Amino acid sequence: MARPKYSSRLQARKASSPAMVLAMLVMFTFVILILLALGILSIPSTSGGDSPKANDLSTIVRNNMDRIDGDEGRREQWVELISWEPRAFVYHNFLTKDECEHLISLAKPNMHKSTVVDSETGKSKDSRVRTSSGTFLARGRDKVIRNIEKKIADFTFLPAEHGEGLQVLHYEVGQKYEPHFDYFQDQLNTKNGGQRMATVLMYLSDVEEGGETVFPAAKGNFSSVPWWDELSDCGKKGLSVKPKMGDALLFWSMKPDATLDPSSLHGGCPVIKGNKWSATKWLRVNEYKV
């Protein structure tokens, strides 16, 4: 008698997962619309007779605010919508310099050659498409990390428990990450926490040249952006974000209808001058158990 009851509960729980994902995505979209209405988000302007299309990034105001904000010594913060396909946002000055340096100092003693996930075994394996070095910092490891994870939860409207550990990466000159998807195309890697639905990529250092995050499948006219001449050849292959210490790039691997978004294809361009440090937080549909 107990087994059918448990089975029905389990089936009901599984059936509710897509509905929960859809509800979260709808809620996020609703919040974005509110922020747009309040003028908190900056978006491409489409006013005027000669205005470009809505996804023409040439109309984005590129603020270079260097003001120090009050006693906290924190730079001016604002969120910039950079793309609808994929849905991508840059949170300027998301991390403080101290937070960036703290993550780097924790990661440095444990850096290893970066790997990719094997879709057949679920384990890590070496790959030529990824030539950086990296390490993972456990979720909730210390007070600084817990504070960063809370900020990520506030930014994405997703619980901190849905996040994997922080992956800190270091790219030297010539190192890169070829275009790839963050979502999984197999069942094995979704057993814990379900599908990856969003990524928050935090830049822990500036990069003199190269090292852009590029979205080659993004929709838009990218050659007319004001900073086009500052991009490397790799960065000119699509929508690109230049690394800037403290900035955080949020992009969604799932559309509002909970289907996978192929326009979220992205890569890390080779570093040409300097070196690049970053920290990645992948967020799942359900709680990710660690």
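The values are calculated or read from the model by the stated rules, or taken from the named source; none is laboratory data. Bear in mind the structure is a predicted one, so any value in this text is a computation, not a measurement. Cβ atoms come from the backbone with ideal geometry, glycine included; neighbour counts cover every protein chain shown.
Things to note:
- Filter result for the condition that a residue is within 20 Å of the chain's Cα centre (by Cα), at positive phi and modelled with pLDDT of 95 or more, over Gly235, Gly163, Gly193: Gly193
- For the range 100-127, the set of residues classified as surrounded by fewer than 14 Cβ atoms within 10 Å (Cβ to Cβ) and at pLDDT below 65 consists of Ser119, Glu120, Thr121, Lys123, Ser124, Lys125, Asp126, listed by residue number.
- Scanning the range 141-172 for residues that are over 28 Å from Gly274 (Cβ atoms) and assigned to a strand (DSSP E or B) yields a single hit, Gly163.
- The range 253-270, residues that are buried (at least 22 other Cβ atoms within 10 Å of the Cβ) and assigned to a strand (DSSP E or B): Met254, His266, Gly268
- Answer from Glu287, Glu212 - the residue that is in contact (Cβ under 8 Å) with a residue 40 or more places away in the chain and closer than 19 Å to His170 by Cα: Glu212
- Residue ID - surrounded by the fewest Cβ atoms within 10 Å (Cβ to Cβ), chosen from residues in the range 204-215 that are farther than 18 Å from Pro86 by Cβ and not acidic (Asp, Glu): Ser205
- Residue in the range 271-278 that is over 26 Å from Ser105 (Cα atoms) and not in a loop (DSSP other than H, G, I, E, B) present: no
- Filtered residues of the range 255-290 (kept if among the small types (Gly, Ala, Ser) and in contact with a helix residue (DSSP H, G or I) (Cβ under 6 Å, 6 or more places away or on another chain)): Ala258, Ala279
- In the range 186-203, residue nearest to Lys244 (Cα to Cα) [restricted to those that are of a type in the set (A, V, I, L, M) and buried (at least 19 other Cβ atoms within 10 Å of the Cβ)]: Met202
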